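The values are calculated or read from the model by the stated rules, or taken from the named source; none is laboratory data. Since the structure is predicted, the reported quantities are computational estimates derived from the model, not experimental observations. Because the Cβ atoms are built from the backbone with ideal geometry, glycine has one as well, and the counts that use them run over all protein chains shown. Ligands, DNA and RNA are excluded from the accessible area calculation, which covers all protein heavy atoms including side chains. Shrake-Rupley method; radii C 1.70, N 1.55, O 1.52, S 1.80 Å.
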Amino acid sequence: MDANGEELAPAVRSILSAARDRGGGEERVSVEARSVPAAFAAAEADGRVPVIAEVKPTSPTTDGRRDDDPVDLARAMVDGGAAALSVLTEPEHFGGSPASLERIRAAVDVPVLRKDFILTEAQLDVVESDVVLLIARFVDDLPALVAAARERGFQPLVEVHTRAELDRATSAGADLIGINNRDLARLEVDLDTFESLAPSVPDDVTLIAESGIASVADVRRMREAGADALLIGSAIMDGDVTANVRRLTSA
């Protein structure tokens, strides 16, 4: 069960079990982060919808695996107009690695998000990135982990799915919040989730819509509901990533 007392899907239980077994790096990480709000503003000024394109080789909710060089994928996404990138570093269920993130960040000039299940402060000290994902549902002491991330120079993106999690995120001082349309207890997606929670997000928060965004219509729907940016993975990884990003950023 998670912190809300809900039974988790078997795939999520497996992911969390693996995450708890992973330690941190040998040295404390210190980052000079590329600004995510500035990257979003630059995309807007250029007439593009701010999109965080995700380098996701595989996942428990997708079929098959994509084995292109991660750096080639990342560059193709930036060529298509991605304002930022998300890179999976979870190895067992998503095919990611810290080494891939390190290579990608060296190859592009946009902010890079480390997408992983980070549960402890030590797990922040694995690889430099501009942003780290902290999932409110799974973090016991969210204010402490947000503070620890900022002390290292990271911009923490706090992910929420419910009003209670949103309240925890704002209480922890999060100014970069992602609303995940996927329920991580059951792995079901509903875009209504973003629409129902977005009005409760403070105006000074940079708000990102995550999961289930597959079409130009979905992009427009999330933007109309208040999304400052969109995190999109599967819809970009399926096919020509440059063309996919260009289609969604021009929505």
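Report the net charge of residues surrounding residue 212, where surrounding means a beta-carbon distance below 9 angstrom and charges are Lys +1, Arg +1, Asp -1, Glu -1. Provide the component values of the computation, followed by the final result.
Working: positive: 182; negative: 190, 210, 218.
Residues close to residue 212 contribute a combined charge of -2.
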Handout entry: Sum of -39500 (n - 2.57) over DSSP H runs of 4+, divided by residues of the chain (222 nm, nearest 500)
Key = -10000 deg cm²/dmol
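Sorted by accessible area with a 1.4 angstrom probe, largest first, how do 154, 117 fall?
Numbers: 154 5, 117 30 Å².
Output order, biggest surface exposure first: 117, 154.
Note down the Stokes-Einstein diffusion coefficient of region 133-251 in µm²/s, whole number, using a Kirkwood radius over alpha carbon pairs, 4 °C, and 1.567 mPa s.
Value of D from the Cα-based Kirkwood radius: 88 µm²/s.
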Completion exercise
With x for Gly and Pro, the residue-by-residue ³J(HN,Hα) of region 98-112, computed from phi through the Karplus equation 6.51 cos²θ - 1.76 cosθ + 1.60 at θ = phi - 60° and given in whole Hz, is x, 5, 5, 4, 4, 5, 5, 4, 6, 9, 10, 10, 9, x, 10
Exercise for the section: Could you check which residue among 149, 164, 106 shows the biggest mean-square fluctuation in a GNM of the chain with a 10 Å Cα cutoff? Expected result: 106
Exercise for the section: Take every DSSP beta bridge whose two residues both sit in the chain, then give the antiparallel share in percent to the nearest 5. Expected result: 5 percent
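How much accessible area per residue does region 69-136 have, counting only protein heavy atoms and a probe of 1.4 Å, in square angstrom?
On the way: 2070 Å² over 68 residues.
I get 30 Å² per residue for this part.
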Practice task
Please express the Cα-Cα pair-distance distribution P(r) of the chain as a list of whole percents, one per 5 Å bin, running from 0 to the bin with the greatest distance.
Solution key: 1, 7, 15, 19, 22, 19, 12, 4, 1, 0
Handout entry: Accessible area of the chain belonging to carbon and sulfur atoms, whole % at 1.4 Å probe
Key = 45 percent
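Please get the size of the charge dipole for region 123-223, origin at its Cα centre, with Cβ charges of +1 on Lys and Arg and -1 on Asp and Glu, quoted in debye to the nearest 20. Let's see the in-between values first.
Numbers: 10 positive and 19 negative charges, 40 e Å.
Magnitude of the dipole: close to 200 debye.
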Handout entry: Under 5 Å, built H, 5+ apart or other chain: amide partners of residue 178
Key = 158, 159, 160, 208
Problem - Rounded to the nearest 20 debye, dipole of region 5-135 from Cβ charges on Lys, Arg, Asp, Glu - result: 140 debye
Fill in the blank from the handout: Once phi for every residue in region 156-161 is put through the Karplus expression 6.51 cos²θ - 1.76 cosθ + 1.60 (θ = phi - 60°), the whole-Hz ³J(HN,Hα) values, with Gly and Pro written as x, are x, 9, 9, 9, 10, 9
